[in-house]
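> One structure, as structure tokens, below. Some questions next.
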Amino acid sequence: MIRFVLRSFAVIFLALAVIFAILDGARSVGASQFIARPLLSMWSRNAPEMLADAEKMVTHYIGAQAWNVLCIPLLEQPGWLFFGVLALLFYAIGHRRERPLGRFTAR
């Protein structure tokens, strides 16, 4: 059950990574140069209230240093990279290992 949930999150994050890659690719083709917009700039432009609420939540529960040291550098990465790494992590955690001798061996 938990592996299913982790793999589902991995698929959702992978879909978001592809969407952000397509957006950056379209911008790059239009400008005739590589453009990778940081996730923080897109988030602050499209949903500034939600970004402020996220900052308040992190600073309240974890501390102001966590926002400045951990969250800001992560959010300054391109959206496709951020969500791609999250998809990879969730898939790796939810991956079921093969048994070394096959399916029909004794446990």
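Bear in mind these aren't lab numbers, they're just calculated from the coordinates by the rules spelled out. These numbers come from a predicted model, not from an experiment. Methodologically, a virtual Cβ is constructed for each residue, glycine included, from the backbone with ideal geometry; neighbour enumeration extends over all protein chains shown.
> Rounded to two decimals, what is the ratio between the C-alpha radius of gyration of the stretch 38-77 and 2.2 N^0.38 Å?
For the stretch 38-77, the normalised Cα radius of gyration is 1.09.
> From the list [x] 1.04; [y] 1.42; [z] 2.16, can you say which value of Cα Rg over 2.2 N^0.38 Å was derived from the structure given?
Computed from the coordinates, Cα Rg over 2.2 N^0.38 Å corresponds to [y].
> Any chance you could list P(r) for the stretch 15-66, counting all Cα-Cα pairs in 5 angstrom bins from zero, rounded to whole %?
Values per bin, smallest distances first: 4, 18, 17, 19, 16, 11, 9, 5, 1.
> Where the only charges are on Cβ atoms (+1 Lys, Arg; -1 Asp, Glu), what is the dipole of the chain about its Cα centre, to the nearest 20 debye?
With only Lys, Arg, Asp and Glu charged at Cβ, the dipole is about 740 debye.
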